[in-house]
Each structure stands twice: as structure tokens, then as C-alpha cells.
Amino acid sequence: MRLPLTRDARCPFDPPPELRGLPAMSRMEFADGHLGWLATTAEAARTVLADPRFSARRELKHAPVRFTTPGATGRPAPPGFFGAMDPPEHTRYRRLLTGQFTLRRMRLLEPRIERVAADHLDAMAAAGPPVDLVSAYALPIPSMVICELLGVPYADHEFFQSRSLQLVTPDGDVAGATADLAGYLGELVRRKHAEPADDLISGLIGDLSDEELTNVAMLLLVAGHETTANMLALGVLALLERGIPYEEGLVEELLRWLSILQFGAPTRAAQEDVEVAGVLVRAGETVALSLPMINRDPGLFENPDVLDPGREEARRHLSFGHGVHQCLGQQLARVELRIGYGALFGRFPGLRLAVPAGEVPLKRDAAVFGVACLPVTWD
């Protein structure tokens, strides 16, 4: 079997049909010809992500798809790209950054996120329906919040959003977008030396070199808005399409059921022979994880294909990963989604799709699954 696998346009919320019935570990031919593995169960995924014999170093891994982000091009990761490093290098960056994304600090941000959401809802109400929820609401909220955390001017959002999009689309100019973002953020870091402020970039000056700080800022800026924006819009589509009223406990279930990261992300390379789910992964082989299947694992979730607002075990999903590389910004994402969904449906209880669900354009072949736009209206 080969990657990539795209979502079926008829069932856009479900895993690709080719994955149904596969064993926990299946042989997969990657885009670069490597014969690796695809993990499709939660137990296999946790084993791979937690075992230090599996490496996140990008120079050891093969690319499961024909397009890639700066963390997986087959060369050692540049300074600061800690997501493609193993301990102890990875640990040094995580220790510096973990305190910036604690649950306590994210809760302190709640009033500001609520204000950002309310301002954009006011603008939607003033403009009147229909509106594109992606551009009017889902994208600007996480973009503005991560900008304020990092100290990036939100006035430049069109620049970095367009470059971020290039990094997660099949035909994107990854090299050009990476160079543009590095140049922009490198200049910003230099300005922070002269005029530091109360933001993450300024706070790390002296702890990291300018090159490291530029690359850390790039990772956080791209990841800090691209995933949450897609999750917010796609979750609204799922609820409206199914006529399910929003309630706060739905955030974890939506994170499980939608699994916006696809195409075998993340990946790990075996540094020695390791047995996983009854198969022997040889040293040098890459294992890709299928989050859409892992989060629908019937061994972990009862009736996994059902979007269940009352699912008590929903938080056992692996959408934020597992092990030492578990998503640094997961608490921020949870807060943004809880406030974003709650404020939207609270303000517009009569919200509905402005076009048939089948006409909503999907990002079916992007690394981060979502909708390109989401026309909505309300009473």
C-alpha cells in the first residue's frame, strides 16, 4: 500500500477507506520509495512514540508523502527545530518553552481570547450573513493569540499566513516559504534585542542564539495558528452538518473524531530492531502513524465512528501526540477551541450552513485537514 491517502469527499470526517481493516502495523511504500510501516492502533502508536529506540531526528526518517515541512527533509534539523530532535537536544528546548504554555498560563489568557472572539463576532454581526467563517473567525483568532504570545505584529498576518499555507499543501513552495519566514522572523528577533517586550521571543533572548530563536519562533507561529484554525472551522462544519448542539465537553470528542493531522504524521525511525504489535521493525525503517485510524481504534473507543457528545473516554485520543514530543501548545489549543466554539454558538444559536455540506471545499490532500472556506448564515 502507498501513501498519501486522502479523505473521501463523500465521508470527509472519516479515515480514508483504504485504511479500514488493516492490522496494527502494516507495510507501506512511502513517497520516496522507502518500504516502511504504518501504525493504525493506539497501542502501537503509544509504543512507537514512547520508546526511545524510535527517533524523531529527521535525518534518520523517510518522508511518507511527496511534500514535507521544514522538519522532515532528510538532513539534520537546523538549530531550533526541536520537533525533529531527540533528547538531550530536544530536552533543552522543551525546558525553556514548557513554562510558557502551562495550563495555568493559558487560563490567564482566557479573558484576552474571549475578547478577541467577541470582537470578531461583532464584526460578523455588523457585516451580516452570509460570511466565510474561516477568514472571519476561525483563522484570525488563533493567529492573533499566537502573535501576541510570541511578539509578532498581527498586522503582518497575511504575510505569515500565506507562507504557512505553503508549508502544508502538496504543491507549496516549502523552501521559499521557509526562507521568507526565516528572514522575517530573524529581523524581528534582531529588533527585539534593541526593544524587548513582554513576549516569548524577548524572554528567550540570551537563552538561545538568534538562529535558534528564529527557528523556534517559526515552528510556534506556524503550528500555533494553522492547526487550531482548521480544527475550529472543521468542527463547526461537523456539528452543523449533523445538527448536534455544541456543549463544552465536545472539544475532546471533536479532537478525537476529526483528527486533522493525516498522511502518516508523526513519523519515527527505528534506531535498532524493535518489535511492535507482533512485527519486527528493523533498524533504519520509518514508522508513520495514522491518527485518523488511531483515534477511531475500536480497542480504545466504543462505537468509534460515532461523534458522541457524552463520550467519557474521548480525552484518551492521541491528537496531541504522546511521549516527550507531546504537543507543547495543546493547552492553548484547548482553551481557544472551547472559547471559540462556545462564543460562536452562544452569539449565533441559529447558525447554519449557507451552502449544502457537500459543496464546502475541503483541504483533502493537505497535511492539515480542514476546509478552505465555510460559508455560514444565521437567523
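The values are calculated or read from the model by the stated rules, or taken from the named source; none is laboratory data. The structure presented is a predicted model; accordingly, all values stated were derived computationally and were not measured. When we count neighbours, we look across all protein chains shown, and the Cβ atoms used for this are built from the backbone with ideal geometry, even at glycine. These accessible areas exclude ligands, DNA and RNA; they are computed on the full protein's heavy atoms, side chains included. Shrake-Rupley method; radii C 1.70, N 1.55, O 1.52, S 1.80 Å.
The table below lists the values:
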item	result
Simple spin-label estimate for residue 248 and residue 125 in nanometres, 7 Å along Cα-Cβ	2.2 nm
Extension gain from residue 57 to residue 10, taking 0.36 nm per residue of separation minus the Cα-Cα distance	13.3 nm
Carbon + sulfur, % of accessible area of the chain - ligands and nucleic acids excluded, 1.4 Å	52 percent
Separation of the residue 102 and residue 46 label points, Cα + 7 Å toward Cβ, nm	2.7 nm
Which labelled figure in (i) 85, 43, 36; (ii) 60, 55, 37; (iii) 58, 42, 38 is Cα extents along the principal axes in Å, once derived from the coordinates	(ii)
By average C-beta atoms within 10 angstrom, highest first, the peptides 300-310, 42-52	42-52, 300-310
Which of 141, 125, 106, positive extreme of dipole for the stretch 105-144 (C-beta unit charges)	106
Separation of the residue 272 and residue 1 label points, Cα + 7 Å toward Cβ, nm	3.0 nm
Positive-pole candidate from 342, 293, 304, dipole of the stretch 293-345, charges at beta carbon	342
Residue-normalised accessible area of the chain, expressed per residue, 1.4 Å probe, Å²	42 Å²
Size of electric dipole in the chain: Cβ of Lys, Arg +1 and of Asp, Glu -1, about Cα centre, debye, nearest 20	420 debye
Per-pair calculated FRET efficiency, R0 = 25 Å: residue 324 and residue 279 via Cβ, rounded to 0.05	0.55
Of the trypsin sites (Lys or Arg not before Pro) in the stretch 256-361, those whose Cβ has at most 16 other Cβ within 10 Å and which sit in DSSP loop	282
Sorted peptide list for 82-89, 270-277, criterion being average Cβ within 10 angstrom, highest first	82-89, 270-277
Furthest towards positive pole of dipole, 215, 160, 244, structure part the chain, Cβ charges	215
Volume of the Cα convex hull of the stretch 158-203, divided per residue and given in Å³	75 Å³
Distant-in-sequence amide H partners of residue 131 (H built 1.01 Å from N, under 5 Å)	376
Extension gain, residue 91 back to residue 191 (0.36 nm per residue minus Cα-Cα distance, nm)	33.2 nm
Peptides ranked, highest mean first, by Cβ atoms within 10 Å: ranges 143-150, 99-106	143-150, 99-106
